[in-house]
Amino acid sequence: TGLIILAIPINSRVKKLGHLQTPTNLEPVVTTLMGWAHKSGSGVMNRFTRRFFALWNSRIIYYFKTQQDSNLFFGDVKNDTAATARGQIDLAAVGSVRVSPRRNLPGGGKGIELHTSSRVWLVVPASEQEFVQWLSAISRIVTSNVQRIQAQTGDDELRQDLSNIDMARLGSDT
């Protein structure tokens, strides 16, 4: 039930299926970090559910009901009985990563907040070691994404914490 770190290329690829991207045969799939964590819901109650998470190609974190569902999802895509992910977090949409200040999280663990324009994801890995590994991996990916966008646009505002952005510089059309 601990964290699994893998770098295994699997002969499957990604395609869009509804609102989720799922494996196809166009691009190699590499799951580099997997493990159990709790995530908060997006509804009013914000209940936590335990899910099996898998970081795919340093781009998307998929989550599943079971580890077996994850194995099937990243396995043979021609298998009609393959499992589907319960959801995904597109790391390209994450603008910042923070350690959650919340206490009383499931298992007494520490939480990782993933801030997007539409939602703040709260993920609580199963152990301190897993927390450090997930935080490090996600932070590295998001920082790289933000730096790439900043280099392309020349906009240094992207590299600042939201509280440090000069809102007066932003026009009313932004």
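The values are calculated or read from the model by the stated rules, or taken from the named source; none is laboratory data. Since the structure is predicted, the reported quantities are computational estimates derived from the model, not experimental observations. Please note: Cβ atoms are built from the backbone with ideal geometry, for glycine as well, and neighbour counts cover all protein chains shown. Keep in mind that these areas ignore ligands, DNA and RNA; they rest on the heavy atoms of the full protein, side chains included. Shrake-Rupley method; radii C 1.70, N 1.55, O 1.52, S 1.80 Å.
Just a few scattered comments:
- For beta carbons closer than 8 Å, sequence separation of 6+ or different chains, a first residue in segment 34-45 that is closer than 15 Å to Gln67 by Cα and a second that is of a type in the set (Ser, Thr, Tyr) and assigned to a loop (DSSP other than H, G, I, E, B), the qualifying pairs are Trp36/Thr1.
- Residues that are out of contact with any Asp or Glu (no Cβ under 9 Å at 6 or more places or on another chain), buried (at least 18 other Cβ atoms within 10 Å of the Cβ) and not in a loop (DSSP other than H, G, I, E, B), drawn from segment 98-136: Ile112, Leu114, Val124, Pro125, Glu130, Phe131, Trp134, Leu135
- Restricting segment 38-70 to residues that are open to solvent by less than 50 Å² (accessible area, probe 1.4 Å) and aromatic (Phe, Trp, Tyr), the residue that is modelled with the lowest pLDDT: Trp56
- Here Ser172 meets each of (1) at pLDDT 90 or above; (2) part of a loop (DSSP other than H, G, I, E, B) with one exception, condition (1).
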